[in-house]
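The values are calculated or read from the model by the stated rules, or taken from the named source; none is laboratory data. This one's a predicted model, so the numbers in the text were calculated from it and none came from an experiment. Neighbour counts run over all protein chains shown; Cβ positions are idealised from the backbone, glycine included. Accessible surface areas use protein heavy atoms only, side chains included; no ligands, DNA or RNA. Shrake-Rupley method; radii C 1.70, N 1.55, O 1.52, S 1.80 Å.
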Amino acid sequence: MFGNLETLPPDPILGVTAAFRRDPSPDKVDLGVGVYRDQFGNTPVLAAVREAERAVIAAQRTKVYVGPAGNIQFNERIVELALGSLAAELKDRTAAIQTVGGCGALRIGAELLHAAAPDSVVHVSDPTWANHEPLLGSSGITLRRYPYYDPQTRAVAFDRMLEHLERLPSGAVVLLHACCHNPSGADLSLEQWDAVADVLDGRGLVPFVDLAYQGFGDDMEADVAGLRVLAGRLPTLLLAISCSKNFGLYRERTGALAIIAEDAATARAIATHQARTGRRMYSMPPDHGAAIAAHVLGDAQLRQAWQDEVSAMVVRMKQMRALLAGALSARRPQVDFLWLERQRGMFSLLGLAPAAIAALCDEEHVYMPPDGRINLAGVSDQNVERVADSIVRVLGRG
Ligand SMILES: Cc1ncc(COP(=O)(O)O)c(C=O)c1O
């Protein structure tokens, strides 16, 4: 049956982790992995999550299925976290379903778009997270790219992006990263979000917002200011939420897909299709992670404690950005590295030639995927000098 299947090349990001593990060098550094790391290189369970987990387990009386839409309280609270007071205003027009992580939300969203309008085209940023295209494209939907990142300015190529969006036909779907753009770290300013909202609204385009890093850029509110501009103004919006990073719930596969529809009747219809799509793929979502996140968000004290933990992570990521920029500038004062501090979230693109990236991995034992995306949370006080030495050694290569 499966004899004709050829072995696939390793996933570009997971392959880096495997290569890192194989490397016996005591000085190796992993800047490839897509998870938060503390100064010791660990990804610990958050204290607020641990406390909520204890409460959830103590209160649990059964393991029966949660239902196709998942934990309704979780859905409401996580949408409220994203949309703030708009969530109540838009409640009747919103259909939400708990999903298997942010990936599950993206995939169900794509499945629904494909089912509702098989010819719809989703436009993703160039570049975008490596899994976006396979994940969305596997639904059968057509994908295209819009210009997003300018490697010269290390910022959003906003004029080109807007020009591109202005030419799209009505009904085209535009995938936008709410904050902490993966892989570039270059985010839209609030003024730019406003201008994007104008174009989407004027041309009848549909935003599909990927919110995987709320709280990882600046704070819980600032990171969703652009999303809220869109949600407040546009008739239809898809929102894929991940709790993997900000709750550290990676392996619990916790997320939600919220769709804001033109009217309440459409939202009710969408909810039935969301449930059917999930049912056809995996039947019911898992309980544990969503129960934990719902508990954290529903308990004022725990919610504050959690927000404080996330704030501490952001402080560290910003510190590591500044530290690496400083270490690189000290070695190459004539080169501008301050873009590292202007960018947000865990990721930035080094912008080096492929030969230089390969040399970093193979000769310097500093690992990252071939596009040169580095995870700043992999940098620490202990390894920053060594990482900076390695980067400047390969700067001119290729
Ligand atoms: C941009 C982006 N979207 C979505 C996700 C989905 O995350 P998960 O399915 O692990 O919740 C990720 C995870 O790395 C991401 O970087």
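Would you check if there is a residue in the stretch 258-265 being in contact (Cβ under 8 Å) with a residue 60 or more places away in the chain, within 24 Å of Pro169 (Cβ to Cβ), away from the ligand (no atom under 12 Å from the Cβ) and crowded, with 24+ Cβ neighbours inside 10 Å?
Yes, the stretch 258-265 contains a residue that is in contact (Cβ under 8 Å) with a residue 60 or more places away in the chain, within 24 Å of Pro169 (Cβ to Cβ), away from the ligand (no atom under 12 Å from the Cβ) and crowded, with 24+ Cβ neighbours inside 10 Å.
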Selection from the stretch 19-39 of residues surrounded by 13 or more Cβ atoms within 10 Å (Cβ to Cβ) and either assigned to a helix (DSSP H, G or I) or within 16 Å of the ligand (Cβ to nearest atom) (or both) yields Ala19, Phe20, Asp30, Leu31, Gly32, Val33, Gly34, Val35, Tyr36, Arg37
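Just for the stretch 319-363: of the residues that are among the aliphatic types (A, V, I, L, M) and not in a helix (DSSP H, G or I), which one is farthest from Val392 (Cα to Cα)?
Among residues in the stretch 319-363 that are among the aliphatic types (A, V, I, L, M) and not in a helix (DSSP H, G or I), the one farthest from Val392 (Cα to Cα) is Met346.
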Residue pairs within 9 Å by beta carbon, gap of at least six or interchain, first lying in the stretch 87-111 and in contact (Cβ under 8 Å) with a residue 12 or more places away in the chain, second of a type in the set (Phe, Trp, Tyr) and open to solvent by 30 Å² or more (accessible area, probe 1.4 Å), listed first then second, are Val100/Tyr282; Gly101/Tyr250; Gly104/Tyr282
All conditions in (1) surrounded by fewer than 14 Cβ atoms within 10 Å (Cβ to Cβ); (2) in a helix (DSSP H, G or I); (3) more than 20 Å from the chain's Cα centre (by Cα); (4) not polar (S, T, N, Q) are true of Ala312 except (3)
Hey, Asn131 hits all of (1) at pLDDT 95 or above; (2) of a type outside the set (Gly, Ala, Ser); (3) within 25 Å of Val310 (Cα to Cα) but one; which does it fall short on? (1)
Mind telling me which of the residues Asn75, Asn42 ends up being open to solvent by 20 Å² or more (accessible area, probe 1.4 Å) and either part of a helix (DSSP H, G or I) or among the polar types (S, T, N, Q) (or both)? Asn42
Just checking: which of the strands (runs of 3 or more DSSP E) contained wholly in the stretch 86-149 hold 1 or more residues that are over 27 Å from Tyr65 (Cα atoms) and away from the ligand (no atom under 14 Å from the Cβ)? 121-126, 142-147
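Of Val296, Val392, Val310, Val314, which residue is over 30 Å from Thr99 (Cα atoms) and touching a residue at least 12 places away in the same chain (Cβ under 8 Å)? First the steps, then the outcome.
On the way: Val296 fails: over 30 Å from Thr99 (Cα atoms); Val310 fails: over 30 Å from Thr99 (Cα atoms); Val314 fails: over 30 Å from Thr99 (Cα atoms).
Answer to the selection: Val392.
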Go over the candidates Gln274, Gln307 one by one and state the one that is part of a helix (DSSP H, G or I) and surrounded by fewer than 18 Cβ atoms within 10 Å (Cβ to Cβ). Gln307
With the condition kept exactly as written, say whether any residue in the stretch 354-365 is touching a residue at least 12 places away in the same chain (Cβ under 8 Å), surrounded by 15 or more Cβ atoms within 10 Å (Cβ to Cβ) and within 26 Å of Phe247 (Cα to Cα). no
Give me the residue from the stretch 277-292 that is open to solvent by 30 Å² or more (accessible area, probe 1.4 Å) and hydrophobic (A, V, I, L, M, F, W, C) and, out of that set, farthest from the ligand (Cβ to nearest atom). Met284
Looking only at the stretch 230-271, filter to residues that are assigned to a loop (DSSP other than H, G, I, E, B), out of contact with any Leu (no Cβ under 8 Å at 6 or more places or on another chain) and of a type in the set (A, V, I, L, M); which one of those is farthest from Gln307 (Cα to Cα)? Ala261
Is there a residue being assigned to a helix (DSSP H, G or I), of a type in the set (A, V, I, L, M) and within 26 Å of Gly372 (Cβ to Cβ) anywhere in the stretch 187-195? no
Residue pairs meeting the criteria (Cβ under 9 Å; at least 6 apart or on separate chains; first open to solvent by 50 Å² or more (accessible area, probe 1.4 Å), in the stretch 214-225; second assigned to a loop (DSSP other than H, G, I, E, B) and among the basic types (Lys, Arg)): Asp218/Arg344
Residue by residue through the stretch 103-130, note down the ones that are more than 13 Å from Leu175 (Cα to Cα) and either out of contact with any Leu (no Cβ under 9 Å at 6 or more places or on another chain) or open to solvent by 10 Å² or more (accessible area, probe 1.4 Å) (or both). Cys103, Gly104, Glu111, Leu112, His114, Ala115, Ala116, Ala117, Pro118, Asp119, Ala130
Among (1) without any contact (Cβ under 8 Å) to a residue 60 or more places away in the chain; (2) more than 19 Å from Arg342 (Cα to Cα); (3) in contact with a Pro (Cβ under 7 Å, 6 or more places away or on another chain) - the single one Ala157 does not satisfy: (2)
